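The values are calculated or read from the model by the stated rules, or taken from the named source; none is laboratory data. None of these values were measured; they are calculated from a predicted model. When we count neighbours, we look across all protein chains shown, and the Cβ atoms used for this are built from the backbone with ideal geometry, even at glycine. All accessible areas refer to the heavy atoms of the entire protein, side chains included, with ligands and DNA or RNA removed. Shrake-Rupley method; radii C 1.70, N 1.55, O 1.52, S 1.80 Å.
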Amino acid sequence: MQAATAPQTVRATTLPSVTGALRAMESLIMGSGQRTARRNAWTAVLEDRRRAKDRVEAQHVLEAVATRRP
């Protein structure tokens, strides 16, 4: 007869994300003012990309309407 064994517990630890690691390095290297300016600049880049995409979509709609014959 076998002796009863205690159930094994498994612990899972998550690795830090790349973004988290970069932010940690950024905070060590730069002051908070530079960090804020950099994030604001990136937010502006993303917003410019979104507006450009919207312009292209609007242009395609206008061209489709203009080429449609009644």
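For region 31-64, filtering for residues that are hydroxyl-bearing (S, T, Y) and outside any helix (DSSP H, G or I) leaves 0.
Restricting the first member to region 32-49 and to residues that are modelled with pLDDT under 90, and the second to residues that are surrounded by 10 or more Cβ atoms within 10 Å (Cβ to Cβ), the beta-carbon pairs closer than 7 Å and six or more apart or on different chains are R35/E26; R35/S27. Being part of a helix (DSSP H, G or I) and either at pLDDT 85 or above or open to solvent by 100 Å² or more (accessible area, probe 1.4 Å) (or both) is a property that L28 has. For region 3-16, does any single residue satisfy the condition of being small (G, A, S), more than 22 Å from the chain's Cα centre (by Cα) and either modelled with pLDDT of 85 or more or not in a loop (DSSP other than H, G, I, E, B) (or both)? No, the conditions are met nowhere in region 3-16. Scan region 2-20 and report the pairs whose first residue is within 30 Å of R39 (Cα to Cα) and whose second residue is surrounded by 10 or more Cβ atoms within 10 Å (Cβ to Cβ) and at pLDDT below 70, with Cβ atoms within less than 8 Å and a gap of 6+ or a chain change. That search, which allows pairs on different chains as well, returns nothing.
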